[in-house]
Amino acid sequence: MHIFISGATGLIGGTVAAKLIAAGHRVSGLARDSGRAAALEEHGVTPVIGTLADLDVLAEAARAADAVIEAADAEAHFAARALVDALAGSGKALIRTSGSTIVGDHARGMYASHTFTEDTPCERLPEKMSRIASDRMVLAAAAANVRSVVICPSLVYGAGLGVRRHGPQIPNFIALAQESGAARHIGAGENIWSHVHAEDLADAYVLALEKAEAGSFFFVESGEATMRAMAGAIGRLLGFDGEPGPWPHIEAVRRWGPPAAHAMGGNSRVSAAKARAVLGWQPRCIGMLEDIAGGSYREFVN
C-alpha cells in the first residue's frame with residue numbers, strides 16, 4: 001500500500017511513517033525544501049516537495065496514493081479541504097490529526113474534573129472552533145465516499161522514530177527549569193493533561209488505517225498526570241532538590257505566547273476507551289513520568 005503523509009518530518013508523521021514502512025508499506029511525505037527531503041529519504045520516505053499552501057501538490061500526491069495521513073498542522077484548514085476534495089468518491093482512507101486542546105480550558109494551573117469522550121459535546125474555546133470545524137469537515141467526507149478518520153492525540157511524549165525525535169512541550173519545560181535552577185509549573189500545577197507515547201500513538205494510526213470505519217473519531221491517551229507531577233519528574237531528571245515551584249501565567253504568556261501558555265496551564269483530559277475497544281489498540285511504551293525522569297529526555301540535560 002502507498003501512503004502519503006503530510007507532516008512526515010514531524011514527530012507524529014515521522015513515527016507513523018516508520019511504523020508503516022516496517023509493516024511493508026510504501027510511504028511518501030511532504031517536504032518543504034531539499035534539506036527536509038534528504039532527511040526523509042534517509043528514513044525511507046519518498047519526498048514530495050511542497051508546503052501546505054501548495055494545494056495542487058497536496059491534491060496530486062493524495063490522488064497518487066492509496067491512503068493519506070494528514071499530520072502536519074491541524075490549523076491548515078485549506079490543506080485539509082484540498083485533501084478531502086482530491087479524495088472525494090475514491091473510497092480511500094484519509095486520517096486527519098487533531099489534538100486534545102480542542103477540549104482544553106483556561107484554568108491557569110487549576111484542577112478540573114471532567115474527562116472527555118468522543119460522545120461529549122465539544123464547543124469549548126472560541127480559538128479552537130476552526131480546528132473543530134475542520135475535524136467535522138473531514139468526518140463529513142464519509143458521505144462523499146472517503147474513509148475519513150480523525151485521530152485526536154493528547155500530549156505526545158517520548159522519542160519518535162522519524163526525523164524529529166521529540167515534541168516541544170516537555171523540552172520547553174526542561175529548558176525553563178535549567179534556566180531557573182528549579183523545575184516550574186504554571187500556577188498551582190494542579191491542571192491535568194492526558195498523554196501518550198509517540199510510538200503508541202503511531203500504532204493507533206496503523207490500526208485505524210486497517211480497521212476504522214468511515215466517519216470515525218478517536219481520542220488517544222495512555223494515562224494522565226498533573227503538570228506538578230511532570231515538573232517533579234523534570235526536577236528528578238536534572239537532579240534538583242526540593243519540590244517544583246509555580247511559574248506565573250503571565251510570564252508563560254510572555255515567553256511562549258498565549259496559545260501555548262493557556263494550553264500548558266489548562267486541563268486536557270480525554271479517554272481512549274473507544275480506540276481500545278474498536279481498534280484493539282493497547283499502549284505498551286514507558287510511562288511519561290518515568291520517561292522524563294530517566295528515559296529519552298536525558299538527551300536534553302546540558
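Only DSSP H runs of four or more residues enter the estimate; each adds -39500 (n - 2.57), and after division by the residues of the chain the mean residue ellipticity at 222 nm equals -11000 deg cm²/dmol. Reported value for the stretch 167-237: 102 Å³ per residue, from the convex hull of its C-alpha atoms.
Straightening the chain between A175 and V253 buys 26.5 nm, computed as 0.36 nm per residue apart minus the Cα-Cα spacing. Computed from the alpha carbon atoms alone, the convex hull of the stretch 225-302 holds 127 Å³ per residue. At the listed q of 0.17, 0.21, 0.25, 0.26 Å⁻¹, the Debye profile of the stretch 232-275, built from one uniform point per Cα, gives log10 I(q)/I(0) equal to -0.70, -0.84, -0.89, -0.90. On a per residue basis, the convex hull of the C-alpha atoms belonging to the stretch 79-153 measures out at 92 Å³. Taking the convex hull of the alpha carbon positions in the stretch 28-67 and averaging its projected area over all directions gives 2.7 nm².
Taking a straight line from the alpha carbon of K211, these aspartates and glutamates sit under 14 Å away, with near neighbours fewer than eight places off in the same chain left out: D203. Eigenvalues of the alpha-carbon gyration tensor of the chain, scaled by 5 and square-rooted, set the equivalent ellipsoid semi-axes at 32, 21, 17 angstrom, largest first. For the stretch 34-128, what percent of Cα pairs sit more than 19 Å apart? Distances greater than 19 Å cover 57 percent of the Cα pairs. Under conditions of 4 °C and 1.567 mPa s, the stretch 98-137 yields 117 µm² s⁻¹ as its translational diffusion coefficient, taking Rh as the Kirkwood radius over Cα pairs in the Stokes-Einstein equation. Hydrodynamic radius of the stretch 41-192 by the Kirkwood approach over all distinct alpha-carbon pairs: 17.8 Å. Rounded to 0.05, the FRET efficiency of the D119 and A143 pair, given R0 = 25 Å and the Cβ-Cβ distance, is 0.80. This ranking places R26, R254 by how few other beta-carbon atoms lie within 10 Å of each, fewest first, which gives R254, R26.
Read-outs: derived from the displayed coordinates by stated rules, not from any lab. Remember, predicted model here, so these are calculated numbers, not experimental data. Heads up, the Cβs are rebuilt from the backbone with ideal geometry, glycines too, and the neighbour counts pull from every protein chain shown.
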